[in-house]
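Each value in this text was obtained by applying a stated rule to the coordinates, not by laboratory testing. Treat the numbers as computed from the prediction; the structure is a model and nothing was measured. Note that we place each Cβ from the backbone using ideal geometry, even for glycine, and neighbour counts take in every protein chain shown.
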Amino acid sequence: MFRMESVERRFQVGEIMTYALRDFSLSIGEGDFVAVEGPSGAGKTTFLNIAGLLDPMDGGKYYLAGEDVSELSDRDRSLIRNQRIGFIFQGFNLIPDLSAEKNVELPLRLRGMSAAERKQRVGAALEQVGLTSRARHLPSKLSGGQQQRVAIARAIAGSPNIILADEPTGNLDTHMAAQIMEMLVAINEAGTSIIMVTHSPESAQVAKRRIEVRDGRIVE
Amino acid sequence: MFMLALETALRSIRKTPGVSLLVTAAIALGVGITMPMVVLYYNTAQNPIPGQSDNVYTVLIDNWFADVTFWQVAPDMPPDIMAARDARAIMASDIQTGTSVGYRVIQPIRSADNDTRIKPFFSEVRITTPDFFRMFRAPMLYGNIWDKETGESGANVAILSNVTNQRLFGGGDNVGKEFKVADEIYQVVGILDAWDFTPRLYSISINARVEGVFVPLSDFKRSHLMPERATTIGTDTPENFDQTYLNSETIFAEVWVELPTAENVAAFRDYLDNYTLEQKSLGRYERPVNNRLYSGTEWLEVAPASQESKSLYRAFIIVAVFFLVVCIFNLLSLLLAKFMSVTPEASVTRALGATRTDIFLRYLLEVGVLGLLGGILSLYVARIALRSMLWVYISNLPPEFKEITGIGENPYIQFNTSLFLATFALAIAASLIAALIPAWRACHVPPAEYLKVN
């Protein structure tokens, strides 16, 4: 379902070439839940950005749902992000002046979905994260945990093949983090693959598989 | 997708009200200062009778000195006025379907019974033939054009402009009433409706408006009305009207003919060439035959007087465009700051599936909306700027000129639908041009840069 082969990402700083990812290969099956761990600067976020087609790669191959997505145009990458990938960020990244339901609706509008279908999907996603009653609230009126639940609803509303979560519990207290992890487990059990970058061993232990990244390489 | 982009653009405007206001003000100022120059140029260069200007032709015969230039700006161009004897010959031709022969004088206008409540004033008076009104689409409000017999009889009848009708009689239907032109009683037979005929095609000169009074040519017999613009060739004494103006080479008559078909035009050219060759064989015309026949449309392009005014306003436009360019550069940096301030949101939208093109177009849409607002505001700025310019211009005119032309009361500067739309088009175009680079840069920011830190 998800396969990276010898992916490379490098940066030139002055005369020094720095490798953020080097010979990075990873294969993930359908319905898998992978926790990516490692120290700061190990290349976890770079990996996630490449996996999410947000950053280009400098070498290697990347296959998503059987399709080579290594060298797609911006339009095609955007289309894949919109239809096959769901994102959950540490800082939530909600649009501050859009209500919870409008935030969830945004990727569906970008997809060109009809208003009726959008309404149905947004309602179902918010119900799944337990925020139906807060649908019209602005993010600033929601707690951190609730904001992250809105972000989860936004990620699942489009029924993606895979969810990429970058430190989803990083900004939350222990109780709230546990709730979020329960939701991710439920989503995974429903069939959606998840790749989660985390520093938290508690969060990582709910994953089906744990990998560690050091110096841009997997040291599983 | 368009509605989403529009909603996002409107939200962004609301989120950055200060910068949005500055952007709108910069557009309004740049376009609002530029448009008055365009308006002045337009009023000089526009075609006042589209549709008819290709049917009317001005006739130029070169009877000027062999060794002297008539026009400084167009040395080879014959004078745009001709001798009465030549004008009479053209009036005798039956090739054209209409003939307008006339000249302009400036005379005191007063009430017929010297009513002291009506202050006498100077006005431009056009001595002309009846076809003039039809050929140049003069709108008649009351009464009629004098008939042929009345015109030929030399009767003192007149048609008033609406401005003169207002000044003399306070407006309304005053057909049949009398007034004085140069101490002779004239009877009103017609009154024109408002007639914004700019530029004055039949007698182009800078700032010229239609005349206040129109009287019959009556075969050049109105010796009490001396032409305002006449150039004497030869040694005739100016005291004798007949000798000076009618039987001499003195040029003063503006001649236009109506030639609706190409056959008419060709036949008239032949007639003109034959006539001038014949006259030359009789000892007239120092120069080689240099007849010109310009349609109204062509005359707007080549008339030396028109060239002078157009050159002046073109220079104004160049200065104004420089100002607009400075505004666009300022806009560019404002927009760059504005777009960068909303980059985090754009990055999230990119992550959720928006393409670079979507983001680029959404930025352009936002600036287009601000351009539209700037366009509305620029109409007010342009109006204020135009009025200020006219006020400065009119207040510095000699009082007698203001009185003669009535310019103070009716400056006749058109700001029509085309100019209205042009203002919006310019505002939107200027804002989009300014937005291209900032939008391009902003949509190429890698989204990942902002997703982690936010």
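Some points to look at:
- Antiparallel beta bridges, as assigned by DSSP with both residues in segment B:62-290, represent about 75 percent of the total such bridges.
- Centre separation in Å (Cα based) which lies between segment A:1-34 and segment B:169-202: 90 Å
- Paramagnetic reach from A:MET1 (point 7 Å along Cα→Cβ, amide N under 19 Å) across segment A:190-206: A:190-198, A:204-206
- Chain A: antiparallel DSSP beta bridges as a percent of all, rounded to 5: 50 percent
- Estimated FRET transfer efficiency (A:GLU30, A:ARG214; beta-carbon r; R0 22 Å; 0.05): 0.20
- Assuming charge only on the beta carbon of Lys and Arg (+1) and of Asp and Glu (-1), the dipole of chain B about its Cα centre is about 2600 debye to the nearest 20.
- Of the trypsin sites (Lys or Arg not before Pro) found in segment B:110-158, the ones in coil according to DSSP and having at most 12 other Cβ atoms within 10 Å of their Cβ are B:ARG117.
- Inter-chain shielding of B:350-363 (mean C-beta neighbours from other protein chains, 10 Å cut-off): 6
- On the beta carbon distance between B:GLU178 and B:ALA45, with R0 = 35 Å, the FRET formula returns roughly 0.30.
- Its residue count N fixes a reference of 2.2 N^0.38 Å for segment B:116-213, and the Cα radius of gyration divided by that reference is 1.04.
- Percent antiparallel among DSSP beta bridges (both partners in the protein assembly as shown, rounded to 5): 70 percent
- For segment B:20-30, Karplus couplings with θ = phi - 60° (6.51, -1.76, 1.60), whole Hz, Gly/Pro x: 4, 5, 5, 4, 4, 5, 5, 5, 4, 5, x
- What the Kirkwood sum gives for segment B:62-290 is a hydrodynamic radius of 18.7 Å, with every pair of different alpha carbons counted.
- With neighbours defined as other Cβ atoms within 10 Å of a residue's Cβ, the residues A:MET113, B:MET77 order from fewest to most as A:MET113, B:MET77.
- With the convex hull of its Cα atoms as the shape, chain B has an orientation-averaged projected area of 27.9 nm².
- Label point 7 Å beyond Cα of B:ASP193 along Cβ direction - residues of segment B:165-180 with amide nitrogen under 16 Å: B:172-173
- Sequence-ordered 3J(HN,Hα) estimates for segment B:71-84 from the Karplus curve with 6.51, -1.76 and 1.60 and θ = phi - 60° stand at 10, 5, 7, 9, x, 8, 7, x, x, 8, 10, 9, 6, 4 Hz, glycine and proline given as x.
- Segment B:62-290, dipole about Cα centre (Lys/Arg Cβ +1, Asp/Glu Cβ -1), debye to the nearest 20: 660 debye
- B:ALA435 sits among other residues whose Cβ lies under 14 Å from its own Cβ, and their net charge, with Lys and Arg +1 and Asp and Glu -1, is +2.
- Placing a pseudo-label 7 Å from each Cα along the Cα-to-Cβ vector at B:ILE384 and B:THR97 gives an inter-label distance of 5.0 nm.
- Degrees between helix B:356-395 axis and first principal axis of chain B (Cα, 0 to 90, nearest 10): 40 degrees
- For segment B:62-290, the number of Lys pairs separated by eight or more positions or lying on different chains, with C-alpha atoms closer than 19 Å, is 4.
- Cα-projected label distance for A:SER159 with B:ARG284, points at 7 Å along beta-carbon direction, nm: 9.4 nm
- Listed residues A:MET1, B:GLY374, B:SER306: farthest to the positive end of the dipole of the protein assembly as shown (Cβ charges): A:MET1
- Nearby lysines by direct alpha-carbon distance to A:LYS141 (threshold 16 angstrom, same-chain neighbours under 8 apart not counted): A:LYS102
- Each residue, A:ASP68 and B:SER153, gets one label point 7 Å from its Cα in the Cβ direction; the gap between the two is 10.1 nm.
- Relative to the 2.2 N^0.38 Å rule of thumb, segment A:17-85 has a C-alpha radius of gyration ratio of 1.14.
- Per-residue 3J(HN,Hα) values for segment B:93-100, derived from phi via the Karplus relation 6.51 cos²θ - 1.76 cosθ + 1.60 with θ = phi - 60°, read 6, 10, 6, 7, 8, x, 9, 10 Hz in sequence order (x marks Gly and Pro).
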